Amino acid sequence: MNALPPHRYQAVIFDMDGLLLDTEIVWQGAEEQLFTAHGAVFTREDKLAVIGTSFDVTARYFAERLGRPQDEGPALVEEMVLSMYALLQQDVAGRPGALELVARLRGRLPLALASNSPRRLVDAALTTARLTGVFDVIVTSDDVLHSKPAPDIYLLACQRLGMAPEHVLALEDSAAGVASAKSAGLACIAVPQFAETDVAAADRVIDSLEELIPEF
């Protein structure tokens with residue numbers, strides 16, 4: 001028997017990067033461009049160090065990794081964000097089963113999006129993926145003081161949905177995302193894109209969102 005039956009929940013909140021949309025590969029392109037511009041090579045270890053984290057964490061990591069003063073970290077992140085915004089105008093694909101799951105749930109349950117990305121990138125990605133207007137609530141890093149792994153994004157999403165966290169299911173792909181959802185009081189199913197990602201704190205771990213489609 002499934003220890004976490006998704007159909008018992010009254011709303012579903014999707015993470016965006018790497019869970020709903022295959023944008024981690026786009027992020028990697030922007031990150032590689034940044035490192036190349038500063039005379040370095042962006043590695044898989046670098047990717048795993050920043051995936052799912054806040055821009056504050058990423059800024060500190062980039063500054064240290066590229067041998068720059070810590071106060072230059074935010075400028076490095078902004079340089080990457082500008083590259084990311086341009087790349088998002090070109091093509092954005094859904095993760096396996098993601099768009100099908102959204103289509104199955106839309107109109108049956110309230111849906112929200114909770115992303116550590118800023119609003120301009122979320123809007124650009126959703127527009128390119130033709131998902132504009134699909135979610136009842138969208139919360140981004142621009143809307144809260146503390147991004148994931150803090151609970152703020154999920155708490156605000158639940159507030160805007162008008163639902164208690166214990167009645168809402170979160171879908172995540174990163175350690176920071178799982179920590180955010182769980183600390184906010186939500187149940188969480190993790191679908192890690194990378195085998196090295198530690199999502200053991202999730203209530204359930206699956207290989208693909210395709211597994212959830214018949215369970216709703």
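The values are calculated or read from the model by the stated rules, or taken from the named source; none is laboratory data. Everything numeric here is computed off the predicted structure, so don't read it as measured data. Ideal geometry is used to build each Cβ from the backbone, glycine not excepted, and the neighbour counts take in all protein chains shown. Only protein heavy atoms, including side chains, enter the accessible area calculation; ligands, DNA and RNA are left aside. Shrake-Rupley method; radii C 1.70, N 1.55, O 1.52, S 1.80 Å.
Screening Glu100, Glu72 for residues that are under 30 Å from Val168 (Cα atoms), out of contact with any strand residue (DSSP E or B) (no Cβ under 7 Å at 6 or more places or on another chain) and acidic (Asp, Glu) leaves exactly one candidate, Glu100.
Within the stretch 41-57, does at least one residue satisfy the condition of being open to solvent by 70 Å² or more (accessible area, probe 1.4 Å), in a helix (DSSP H, G or I) and out of contact with any helix residue (DSSP H, G or I) (no Cβ under 9 Å at 6 or more places or on another chain)? So far as the stretch 41-57 goes, yes, one or more of its residues are open to solvent by 70 Å² or more (accessible area, probe 1.4 Å), in a helix (DSSP H, G or I) and out of contact with any helix residue (DSSP H, G or I) (no Cβ under 9 Å at 6 or more places or on another chain).
For the stretch 153-188, a tally of residues being of a type outside the set (Ser, Thr, Tyr), under 19 Å from Val50 (Cα atoms) and either open to solvent by 10 Å² or more (accessible area, probe 1.4 Å) or in a loop (DSSP other than H, G, I, E, B) (or both) returns 4.
In the stretch 21-40, which residue that is of a type in the set (Val, Ile, Thr) and open to solvent by 60 Å² or more (accessible area, probe 1.4 Å) is nearest to the chain's Cα centre (by Cα)? So, considering only residues that are of a type in the set (Val, Ile, Thr) and open to solvent by 60 Å² or more (accessible area, probe 1.4 Å), the one nearest to the chain's Cα centre (by Cα) is Ile25.
If the condition is being surrounded by fewer than 16 Cβ atoms within 10 Å (Cβ to Cβ) and closer than 25 Å to Leu19 by Cβ, then the stretch 65-84 contributes Glu78, Leu82. Of the residues contained in the stretch 102-112, none is found to be in contact with a helix residue (DSSP H, G or I) (Cβ under 8 Å, 6 or more places away or on another chain) and under 14 Å from Val92 (Cβ atoms). Taken as a whole, the condition of being more than 18 Å from Ala190 (Cβ to Cβ), in contact with an Asp or Glu (Cβ under 9 Å, 6 or more places away or on another chain) and not aromatic (Phe, Trp, Tyr) applies to Arg65.
Output the number of the condition that Ala195 fails; it satisfies all remaining conditions of (1) small (Gly, Ala, Ser); (2) at pLDDT 95 or above; (3) not in a helix (DSSP H, G or I). Among (1) small (Gly, Ala, Ser); (2) at pLDDT 95 or above; (3) not in a helix (DSSP H, G or I), the lone unmet condition for Ala195 is (2).
The residue list Phe42, Phe35, Phe55 contains one member that is touching a residue at least 60 places away in the same chain (Cβ under 8 Å) and under 23 Å from Ser147 (Cβ atoms), which is Phe55. Do you know which residues across the stretch 89-125 are in a loop (DSSP other than H, G, I, E, B) and open to solvent by less than 30 Å² (accessible area, probe 1.4 Å)? Within the stretch 89-125, Val92, Gly97, Ser115, Asn116, Ser117, Pro118 meet the criteria. Of the residues making up the stretch 1-47, those that are farther than 26 Å from Gly162 by Cα and modelled with pLDDT of 90 or more number 25. Within the stretch 58-72, being charged (D, E, K, R) and in a helix (DSSP H, G or I) holds for Arg60, Glu64, Arg65, Asp71, Glu72.
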